[in-house]
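**Q** Please find one structure pasted underneath; my questions will follow.
The values are calculated or read from the model by the stated rules, or taken from the named source; none is laboratory data. Please read all numbers here as calculations on a predicted model, not as lab measurements. As a convention, Cβ positions derive from the backbone with ideal geometry for all residues, glycine included, and neighbour counts pool all protein chains shown. Note: areas computed on protein heavy atoms with side chains; ligands, DNA, RNA excluded. Shrake-Rupley method; radii C 1.70, N 1.55, O 1.52, S 1.80 Å.
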Amino acid sequence: MKLDCKHVWEYISEYIDGSLGGKLREDIERHLENCEICSAILDSTRNILILTADDRTFELPVGYGERMHERLKKEIRESASGEKKGPDKS
Amino acid sequence: MRVHRVNEARKGPVGVEAWRRGIEGKFQATMQAAATKEAELIARILAGEKELFHELIRPYERMVYLTVLAVVKNEADAEDGAQEAVINAYRHLSSFRAEAKFSTWLTTIAINEGRKRLRRAKGAAEDSLEQKVEEGEGDYTPAPLTDWREVPLEALERKELRQALRKAVADLPDIYRQVFTLRDLEELDTEETAAALGLSQGVVKVRLHRARILLQKQLVPFLKTAAPARKGFFRRTP
């Protein structure tokens with residue numbers, strides 16, 4: 001089947017994910033080989049995903065990990081001492 | 001970082017397939033080993049070695065923060081929420097069922113913590129606004145790149161592009177940002193994302209598609225000089 005550009009755009013996301021069935025995927029690939037506009041849209045979308053997955057794009061607040069483990073340490077200590085107190089009460 | 005994969009993939013179509021299969025095979029073996037180690041850690045923590053929870057949570061610190069941030073959109077609140085989610089996970093670890101993935105279970109806790117904070121901050125008005133976004137027709141067609149041309153991938157290294165992407169993601173409607181964060185930032189699959197957000201897989205796919213297209217439109221001015229990747233190599237888990 002010959003696809004038009006709008007049809008291809010509807011499937012860009014699933015095409016990137018590799019979740020499209022054989023025939024449709026082949027039709028889209030054939031279209032992409034001959035359509036520079038759709039190829040550019042595909043590549044630009046894919047580049048956004050590459051950039052999104054790059055840890056430098058979304059950074060954590062400085063000291064976040066340390067603060068979290070400090071809080072966790074306190075929680076673990078308290079839960080352990082709570083357990084020790086438990087049998088004394090009964 | 002995946003940019004390196006792109007460069008590897010440019011060696012040629014035959015090499016790409018072999019390279020992709022090799023990477024996927026190694027990746028699956030590594031994931032399997034990590035899951036086994038994780039199950040052992042959880043069993044030991046539940047048996048009393050509580051300090052090991054630090055080790056269990058370490059690989060997920062980033063994920064928990066970004067998940068809460070995707071819901072609350074405020075960095076200070078996201079950090080408090082992330083801490084709370086981790087503490088909740090510690091307190092309720094005994095309710096984790098081994099047949100589920102720890103990452104999905106933890107993501108659900110983080111989402112719930114974020115939603116709790118959001119409800120507290122904004123009240124019920126948020127839900128009706130969300131509904132409108134979902135029902136709205138909107139324009140979800142990508143923007144063409146008319147002066148597109150091949151240039152090196154180094155274009156992706158530019159700082160302003162990262163900043164623009166952060167802003168564009170923050171500006172996405174909430175329902176799209178949440179799905180995009182879980183799928184493309186944290187790399188959960190469709191099923192896990194649907195489970196964590198309480199959505200059907202079909203809704204996850206639609207929202208992800210729209211999120212990606214909205215970002216593509218926003219970022220086109222920055223991407224006009226970004227390099228094209230060879231078609232077909234960058235397949236991800238559906």
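**Q** Looking only at other chains, what is the average number of their beta-carbon atoms within 10 angstrom of each beta-carbon in A:33-40?
**A** Per residue, the number of nearby Cβ atoms from other chains is 4 on average.
**Q** May I pose another question? In chain A, which Cys residues have no partner Cys with a Cβ closer than 4.7 Å?
**A** A:5
**Q** Work through the residues other than residue B:42 whose Cβ is under 15 Å from its Cβ and net out their charges, Lys, Arg +1 and Asp, Glu -1.
**A** Numbers: positive: B:37, B:44, B:50, B:58, B:91, B:97, B:101; negative: B:38, B:40, B:49, B:51, B:55, B:99.
Summing Lys/Arg as +1 and Asp/Glu as -1 gives +1.
**Q** Could you compute the net charge surrounding residue B:217? Neighbours are other residues with a C-beta less than 11 Å from the C-beta of residue B:217; K and R count +1, D and E count -1.
**A** Details: positive: B:210, B:212; negative: B:139.
Net charge in that neighbourhood comes out at +1.
**Q** Just how large is the dipole of chain A about the Cα centre, in debye to the nearest 20, putting +1 at every Lys and Arg Cβ and -1 at every Asp and Glu Cβ?
**A** Working: 15 positive and 19 negative charges, 144 e Å.
With only Lys, Arg, Asp and Glu charged at Cβ, the dipole is about 700 debye.
**Q** If we count every other residue with Cβ under 12 angstrom of residue B:192's Cβ, Lys/Arg +1 and Asp/Glu -1, where does the sum land? Please report the intermediate quantities before stating the final value.
**A** On the way: positive: B:101, B:183; negative: B:186, B:187, B:189, B:191.
Surrounding charge for residue B:192 is -2.
**Q** Listed here are the pairs B:122/B:217; B:26/B:159; B:159/B:217; which of them are more than 26 Å apart at the Cα? Provide the component values of the computation, followed by the final result.
**A** Numbers: B:122/B:217 29 Å; B:26/B:159 32 Å; B:159/B:217 19 Å.
Checking Cα-Cα distances, B:122/B:217; B:26/B:159 exceed 26 Å.
**Q** Here is a further query. Please work out the average accessible area per residue across chain A, using the 1.4 Å probe convention, and give it in Å². Mind dumping the intermediate values first?
**A** Details: 4850 Å² over 90 residues.
Spelled out: the 1.4 Å probe surface of chain A, per residue, equals 54 Å².
**Q** Could you give each residue of region B:64-79 its phi-based ³J(HN,Hα) in whole Hz, using Karplus coefficients 6.51, -1.76, 1.60 with θ = phi - 60°, and x for Gly or Pro?
**A** 5, 4, 5, 5, 5, 4, 4, 8, 8, 6, 9, 5, 5, 5, 5, 5
**Q** For chain A, find the longest principal axis of its Cα atoms and tell me its angle to the long axis of helix A:36-52, 0 to 90°, nearest 10.
**A** Computed tilt is about 10 degrees.
**Q** Mind jotting down a quarter of the surface of the convex hull over the alpha carbons of region B:34-76, in square nanometres, one decimal? Let's see the in-between values first.
**A** Working: hull surface 14.9 nm².
Directional mean of the projected Cα hull area for region B:34-76 stands at 3.7 nm².
**Q** Lysine pairs in chain A 8 or more apart or on different chains: how many have alpha carbons under 26 angstrom apart? Don't jump to the answer; show the numbers that get you there.
**A** Details: A:2/A:23; A:6/A:23; A:73/A:84; A:73/A:85; A:73/A:89; A:74/A:84; A:74/A:85; A:74/A:89.
Number of lysine pairs found: 8.
**Q** Looking only at other chains, what is the average number of their beta-carbon atoms within 10 angstrom of each beta-carbon in B:210-217? Don't skip to the answer; put the middle values down first.
**A** Working: counts 1, 1, 9, 6, 0, 6, 11, 3.
Other-chain Cβ atoms within 10 Å of each residue's Cβ, averaged: 5.
**Q** So what J values fall out for region B:28-33 if you push phi through Karplus, 6.51 cos²θ - 1.76 cosθ + 1.60 with θ = phi - 60°, rounded to Hz, Gly and Pro as x?
**A** 5, 4, 5, 5, 4, 4
**Q** In degrees, nearest 10, range 0 to 90: what is the angle between the Cα axis of helix A:22-34 and the longest Cα principal axis of chain A?
**A** The angle comes out at about 60 degrees.
**Q** Sticking with this one: Shielding by partners for A:56-69, please: the mean number of other protein chain Cβ atoms within 10 Å of each residue's Cβ.
**A** Working: counts 4, 8, 11, 3, 9, 7, 0, 1, 9, 5, 0, 4, 12, 7.
Partner Cβ neighbours, averaged per residue: 6.
**Q** Another question, then. Can you compute log10 of I(q)/I(0) for chain A with the Debye formula, treating each Cα as one identical point scatterer, at q = 0.24, 0.26 Å⁻¹?
**A** -1.13, -1.22
**Q** Next up: Please give the peptides B:72-85, B:31-44 ranked by average Cβ packing (other Cβ atoms within 10 Å per residue), highest first, as a rough proxy for protection. Let's see the in-between values first.
**A** Working: B:72-85: 20.2, B:31-44: 13.0.
Top to bottom by mean Cβ count within 10 Å: B:72-85, B:31-44.
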